[in-house]
Amino acid sequence: MAAPPATAEDMANSRLWRNNCLPFVGIMILVAAVLALMFYALLWKAGNLADLPNLRIGFYNFCLWKEDIGALECYNFPELEVLGVPQVGLALARLGVYGALVLTAFVPLPLLLAQYNRDEGEWQLAVGFLAASSVLLASGLGLFLSFAWKWLRLSLLGPGFLALCLAQGFLFFLLVATVMFPPRNKKDKNQWENC
């Protein structure tokens with residue numbers, strides 16, 4: 001018996017693999033997912049890692065329940081330094097997580113240019129942005145948690161924290177994927193149209 005003829009879907013899938021487009025599309029989807037998670041956690045949720053009726057702790061909010069008044073009382077500096085949260089440490093934590101967001105936002109352009117031009121240098125620039133973003137996010141989040149852990153527990157952390165942890169995991173996979181699937185050499189300038 002002869003094998004059935006290849007369908008259009010099979011031929012399209014093999015063409016994507018041959019032209020190195022499918023790994024590139026997967027990388028771009030991961031970049032979009034990381035950006036969405038970071039925008040959600042840092043902008044939509046305003047950087048709040050715990051957002052409960054009796055506790056709101058984030059990169060810009062530090063509110064604890066006050067029994068005397070029966071409501072949340074928000075602290076700023078110099079009260080935060082009295083509570084044991086150093087101003088320089090909080091500034092470095094903010095710089096880390098929000099710097100990671102900014103650097104990750106710069107990743108798609110060098111990836112697109114590297115894929116179009118088949119340029120290894122542009123691809124390495126994107127890899128550098130991803131590595132720096134991963135280090136900044138991990139260090140900023142870890143630094144902040146080291147200051148705020150006396151008021152937080154794992155069960156109190158909310159969706160903002162979960163989104164940042166997922167973004168950190170995706171950044172790691174993204175870094176591995178960009179290192180493993182660099183663009184091919186400049187053999188055929190018209191390969192971009194095949195994607």
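Quick note: the coordinates plus some simple rules give every number you see, no bench work behind them. Keep in mind that this is a model prediction, so the values were computed, not measured. Ideal geometry is used to build each Cβ from the backbone, glycine not excepted, and the neighbour counts take in all protein chains shown.
Once the Cβ-Cβ distance between Phe173 and Leu83 is put in as r, and R0 is 41 Å, what FRET efficiency do you end up with, to the nearest 0.05?
Values: r = 37 Å, r/R0 = 0.90.
Rounded to the nearest 0.05, the efficiency is 0.65.
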Residues with amide H under 5 Å from that of Phe62, placed H, sequence gap 5 or more: Tyr75
Just the C-alpha atoms of the range 17-152: what Rg/Rh do they give, with Rh taken as the Kirkwood radius? 1.14
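Mind ordering 144-151, 52-59 by average Cβ neighbours within 10 Å, highest first?
Top of the packing list down: 52-59, 144-151.
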Running Debye on the range 18-60 with equal point scatterers at the Cα sites and no solvent, what base-10 log of I(q)/I(0) appears at q = 0.23, 0.25 Å⁻¹? -0.75, -0.81
Mind listing the phi-derived Karplus ³J(HN,Hα) values for the range 71-86, rounded to whole Hz, using 6.51, -1.76 and 1.60 with θ = phi - 60°, and x for any glycine or proline? 8, 6, 10, 8, 10, 10, 6, x, 5, 5, 5, 5, 6, x, 9, x
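In what sequence, highest mean first, do 170-177, 63-70, 93-100 appear when ranked by Cβ atoms within 10 angstrom?
The most tightly packed comes first, giving 93-100, 170-177, 63-70.
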Order these peptides, 81-91, 23-33, 37-47, by their mean beta-carbon neighbour count within 10 angstrom, highest first. 37-47, 23-33, 81-91
Put a dot 7 Å past each Cα toward the Cβ at Ala32 and Tyr60; how far apart are the dots in nm? 2.7 nm
